[in-house]
Structure formats: structure tokens, C-alpha cells
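**Student:** This is the structure I want to talk about, given as C-alpha cells.
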Amino acid sequence: MKEEIKDCLLEIQDLILAVKETVKKHGLEKEFIGTIAVGFINPDSASIDEDGEPMVNMSLLSMVDVEDEDELDDLLSYVVEIYRAEVEEEKRNNTSSIDYWINLSRRDGDVN
């Protein structure tokens, strides 16, 4: 692992611990749910697995703080919904797409 990645992960780890301490400081441990996953991809480790799929090594750091698997499922479903909404927003604001200009002209009838 590159030294700068290691240093960054250690700093992120401190931030994750700070989040947990903040929740604890406010006495909200029972109300708190959260998941954090961060990592760095090592493109130099690219290879093909036994199924012919490309894969790379990653340096990962994660935290999951939920009461049970149902709560985790709800949290992950929310993350997926947010991701999809952000992708759709990016598509709507992509000025290199013809759909952007068509939709823009439909808003008020004037592209200028």
C-alpha cells in the first residue's frame, strides 16, 4: 500500500471514530444508524479471476452501525435510491446529451 493511501486511511479512520464519539457525546447511540465504506483501488493489481471477470485489489475501511440485518437492508436501500437519483440528475444536466436540449426547450418553449 502506498504511504499516502495509508496516511489518508488513518485520517479517515480518525474521522469515523469522531463521528461515533459525537453520537455518543449526545447520547444518541440507540437512535443512530450508519454505514461508511471508503477505499482506494490499486490499478496496478488488475487481473482476471477464474470466471474471466476483471478484478483489482482495494484498500478498504468500513463501519456498520445498525441494530439488525433488516435495519441494514433499509439503510442500503436508501443509499441505492440516492445513488439512482443522483445518476438521473447528472443525466438531466448533461449538456452533451440531445435529451438535455429537448427537455430544456420543453420547459418554457424557448431555448434562449
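The values are calculated or read from the model by the stated rules, or taken from the named source; none is laboratory data. These numbers come from a predicted model, not from an experiment. Note that we place each Cβ from the backbone using ideal geometry, even for glycine, and neighbour counts take in every protein chain shown.
**Student:** Please tell me if Ile33 is among the hydrophobic types (A, V, I, L, M, F, W, C) and free of Cβ contacts under 8 Å to residues at least 40 places away in the same chain.
**Tutor:** So Ile33 fails the test.
**Student:** Then there's this: Given (1) surrounded by fewer than 10 Cβ atoms within 10 Å (Cβ to Cβ); (2) touching a helix residue (DSSP H, G or I) at 6+ places or on another chain (Cβ under 9 Å), identify the lone condition not met by Glu69.
**Tutor:** (2)
**Student:** On to the next question. Hey, among Gly52, Gly39, which residue is outside any helix (DSSP H, G or I) and more than 26 Å from Cys8 (Cα to Cα)?
**Tutor:** Gly52 is the lone residue from the list that is outside any helix (DSSP H, G or I) and more than 26 Å from Cys8 (Cα to Cα).
**Student:** Then there's this: Any residue at all in the stretch 41-53 that is in contact with an Asp or Glu (Cβ under 8 Å, 6 or more places away or on another chain), closer than 30 Å to Lys6 by Cα and polar (S, T, N, Q)?
**Tutor:** No - not one qualifying residue is present in the stretch 41-53.
**Student:** Which of (1) assigned to a helix (DSSP H, G or I); (2) assigned by TED's automatic domain parsing to the domain that holds Lys20 does Ile82 not meet, given it meets every other one?
**Tutor:** The single condition Ile82 does not satisfy is (2).
**Student:** Right, here's the next one. Taking the stretch 16-44 as the search range and keeping residues that are aliphatic (A, V, I, L, M) and either outside the structural domain of Asn57 (by TED's automatic domain parsing) or surrounded by 12 or more Cβ atoms within 10 Å (Cβ to Cβ) (or both), which one is nearest to Val80 (Cα to Cα)?
**Tutor:** Ile36
**Student:** Can you tell me which residue among Asp51, Asp73, Asp99, Asp68 is over 16 Å from the mean Cα position of the chain (by Cα) and either small (Gly, Ala, Ser) or under 30 Å from Lys30 (Cα atoms) (or both)?
**Tutor:** Among Asp51, Asp73, Asp99, Asp68, only Asp68 is over 16 Å from the mean Cα position of the chain (by Cα) and either small (Gly, Ala, Ser) or under 30 Å from Lys30 (Cα atoms) (or both).
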